[in-house]
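Here is the structure we will look at, set down as C-alpha cells.
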Amino acid sequence: MTAREIEGGHGSAGDARAQGGLGGHVGAPQVQNDGAGAVTLNGARYLLIRPETLAALQKAVESALGPRAADCLAAGGRAGGARATAALEGTTEERVRGLAAMGGTIGWGQFALERLAADGMVVSVRRSPFAEAYGPSTAPVCHLTRGVLESLATIALGRPARVVETGCAAMGAVECRFEARPA
C-alpha cells in the first residue's frame, strides 16, 4: 500500500477518524478544555507547548549528554506512543492509520504511511514541528517522533521494533522519513 493510498484519496486522516481510528472514537476528534488547566483529546490529556520550547530543551539535553540525548528523547516518545497505541482499536492497518491521523491532529506534522508489511514499516512526516523549530542540523532531530513510531511499529510488527530516521527536514530533506524493522 502506498502513502497516497493511505493518506491521500483512499485513506485520508478524515477516513481514519470516520472509522474510529482515534482511540476508537467515531467522528471528529473531541478536544476539550476543562477550564481548570487540562486539555484533552478524546479523553486523553495533552499539553500544548511551542515547538521552540522543545527544541531548546532538546539542545540543552544534547549539550549535557551528547549522543545519549537522542535515546533519552526517543524513550519519552516511546512512553507517550505506548499509551496512544494502547487506545487504538481495529486491525493493524487501522491502528497505524489512526495514529497517523492523530499525529496530524495534535500538530506533529502530516504523517503518511509509505509501507506496512510483516518485515517493516516506513512512515514519512511533512512539516515536522521538531525539525522546523530545531533548525539546520547535520543529524536527524525528530527523536520524540521516532520513539512514538517505535511503539507503533512494535504493535504493527507483533514484536519489538527499532526505528531509524533516515531523512530529516532539519538536514535539508523535503520530509522526515522513518524506517522500522524488527529489533
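Bear in mind that the values in this text are calculations on the coordinates, not laboratory data. Note that the coordinates shown come from a computational prediction; the quantities given were computed from them, not determined experimentally. For neighbour counting, all protein chains shown are included, and Cβ atoms are generated from backbone atoms with ideal geometry for every residue, glycine included.
When peptides 145-152, 165-172 are sorted by average Cβ neighbour count within 10 Å, with the highest value leading, the order is 145-152, 165-172.
Show me the ranking of peptides 132-140, 40-48 by mean Cβ neighbours inside 10 Å, starting with the highest. Walk me through the intermediate numbers first.
Numbers: 132-140: 15.0, 40-48: 12.7.
Descending packing order for the listed peptides: 132-140, 40-48.
Label point 7 Å out from Leu47 along Cα-to-Cβ: which residues of the range 93-131 have amide N under 13 Å? Zone members listed by number: none at all.
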